[in-house]
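Here is the structure we will look at, set down as structure tokens.
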Amino acid sequence: MSEALWGMGRSPVPAGFAACALDGNLRNAPQARRFVAATLDRWALPALVPDAALVVSELVTNAVQHALDPQTSDQGDYPLWLGIFLHPDDVVCAVADPSSRPPLPREAESCALGGRGLALISALCESWSWSLTPPKGKTVWAMLSRSTPKH
């Protein structure tokens with residue numbers, strides 16, 4: 001599966017790819033962490049697991065909290081997709097959701113329980129971004145360097 005299909009615009013075919021469907025529940029963050037850990041272990045990249053697991057957990061949590069409308073029934077049984085793309089120099093973690101609303105970084109207040117997800121992703125990753133994925137929705141992705149985990 002090409003990253004272009006996920007709205008990331010990268011043309012090189014990844015050396016490895018894994019994906020799973022998630023039903024859009026906050027309980028899926030642990031499932032997403034286990035999936036990325038198993039995938040990176042299979043690709044012999046265990047040093048990336050702590051950073052990638054945190055990044056994926058934040059991406060999934062943000063999608064569930066900000067992109068899914070619990071009142072909308074047309075999102076399907078699996079409104080989120082998690083994809084992991086392996087490249088020679090990096091690993092890209094991506095979450096596709098049915099909303100076209102962009103992710104908005106914000107400044108969290110010091111005692112706030114949330115609001116730091118995108119800041120954590122920025123700190124751990126080489127880069128992150130998002131794009132619309134026609135016909136409906138968006139993909140938010142984050143790129144982790146294979147050579148220098150930041151944790």
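Here are the numbers:
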{"item": "Neighbour-count order for 55, 92, fewest beta carbons within 10 angstrom listed first", "result": "92, 55"}
{"item": "Residue order, fewest to most surrounding Cβ atoms within 10 angstrom, among 126, 58", "result": "126, 58"}
{"item": "FRET E, pair residue 129, residue 25, Förster distance 22 Å, beta-carbon r, rounded to 0.05", "result": "0.30"}
{"item": "Separation of the residue 41 and residue 66 label points, Cα + 7 Å toward Cβ, nm", "result": "3.1 nm"}
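Taken together, the values in this text are just the output of simple stated rules run on the coordinates, not laboratory data. Source: prediction; values computed, not measured. Because the Cβ atoms are built from the backbone with ideal geometry, glycine has one as well, and the counts that use them run over all protein chains shown.
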